[in-house]
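A.B. asks: Here's a structure for you.
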Amino acid sequence: MVNIPASVFPLRRENNSSSVANAEGNMALTAENVPVAAKAVIGAVSEGTVISTLAVRLSKAASASTANMQGLDRLSVVARINKNTDTILYKLDDEHKAAAAKQVPVPNDAASAQSAAAATAFVDRKAPNPFAGLSREQLSTISQDESGTFTVNERRAAFMQAYREEEAWRSQVLAEGMREYNTTGKTTNFFKSVLAHFNELPKLEQVLYPENYAGDLEDKIKLDFNYFNHAAGNSPATPGSLASLMKSKNAGAVPDLFEILGLGSNPSISS
């Protein structure tokens, strides 16, 4: 039987799981239930000024990131990103939160200071994520900024927004994959969705996946494997396949999609 490794969905490192879980608690906040004080901070500068300033900051951070990564091999880039992630997901105790809140962006103009304050309010669970609505590329640029253009709380907020979006997509694509598998015995469209999603990710996210990730998915798509028939394409069921076993009185329980793909029984995609 073809075994599809769990690396189809590479999981985040376990040592960051508690920080991610704590930060996820912020996601329940919406504009309607934000404390009045936090709204005053967020609305202190005109929207047009904030957008214009953000564009300049993103350009500066992107240029700095490109310079920092230039000349590094893949493993060195991965190590650098992982180190940044450890910095971003600092322990949410009073000492670390106070230190992070003291950081100021460079330059510390009114719009940038407002953004930093909004990110701190998010970390403190007093406001929604200020970077909701940005593209994944922009979120990656902010979270991986080492130039000081964005504060650590801004970087954390950007990281958590990307994390939330990734988790939502994974839940959706797995549900679609289950429907495809239960209906056709295949997961070809599932792999197509995963590949399309991967190709749209920022380069600094793509590098965290196995080096042959895209090629492996392309091979699986071309194979068009039918897990019921245990055969490629529309070939007839092979002896011992699920399709043939289901015809047997003693077939017993049929494995579900997660078991077939080697993802484990009823897995939870976590940090």
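The values are calculated or read from the model by the stated rules, or taken from the named source; none is laboratory data. Every value quoted in this text rests on a predicted model; they were computed, and no experiment measured them. Don't worry about glycine lacking a Cβ; one is built from the backbone with ideal geometry, like all the others, and counts go over all protein chains shown.
A.B. asks: Specify which of the listed residues (50, 2) is of a type in the set (Val, Ile, Thr), over 23 Å from residue 134 (Cα atoms) and at pLDDT below 95.
C.D. replies: 2
A.B. asks: Moving on. Would you confirm whether or not segment 109-119 contains a residue that is assigned to a loop (DSSP other than H, G, I, E, B) and either assigned by TED's automatic domain parsing to the domain that holds residue 52 or surrounded by fewer than 16 Cβ atoms within 10 Å (Cβ to Cβ) (or both)?
C.D. replies: Narrowing segment 109-119 to residues assigned to a loop (DSSP other than H, G, I, E, B): 109.
Next, from what is left, pick out any that are either assigned by TED's automatic domain parsing to the domain that holds residue 52 or surrounded by fewer than 16 Cβ atoms within 10 Å (Cβ to Cβ) (or both): 109.
Taking every residue of segment 109-119 in turn, at least one turns out to be assigned to a loop (DSSP other than H, G, I, E, B) and either assigned by TED's automatic domain parsing to the domain that holds residue 52 or surrounded by fewer than 16 Cβ atoms within 10 Å (Cβ to Cβ) (or both).
A.B. asks: Quick check: is even one residue across segment 72-83 more than 14 Å from residue 203 (Cα to Cα), β-branched (Val, Ile, Thr), outside the structural domain of residue 212 (by TED's automatic domain parsing) and out of contact with any Phe, Trp or Tyr (no Cβ under 8 Å at 6 or more places or on another chain)?
C.D. replies: No, segment 72-83 contains no residue that is more than 14 Å from residue 203 (Cα to Cα), β-branched (Val, Ile, Thr), outside the structural domain of residue 212 (by TED's automatic domain parsing) and out of contact with any Phe, Trp or Tyr (no Cβ under 8 Å at 6 or more places or on another chain).
A.B. asks: Determine if segment 152-167 includes at least one residue that is over 20 Å from residue 128 (Cβ atoms) and either among the charged types (D, E, K, R) or in the same structural domain as residue 60 (by TED's automatic domain parsing) (or both).
C.D. replies: Step one: of segment 152-167, the residues over 20 Å from residue 128 (Cβ atoms) are none.
No, the conditions are met nowhere in segment 152-167.
A.B. asks: Sticking with this structure for a sec: Just to verify a result, which residue in segment 77-108, among those that are in a helix (DSSP H, G or I) and over 25 Å from the mean Cα position of the chain (by Cα), is nearest to residue 150 (Cα to Cα)?
C.D. replies: Going through the qualifying residues, I end up with 102.
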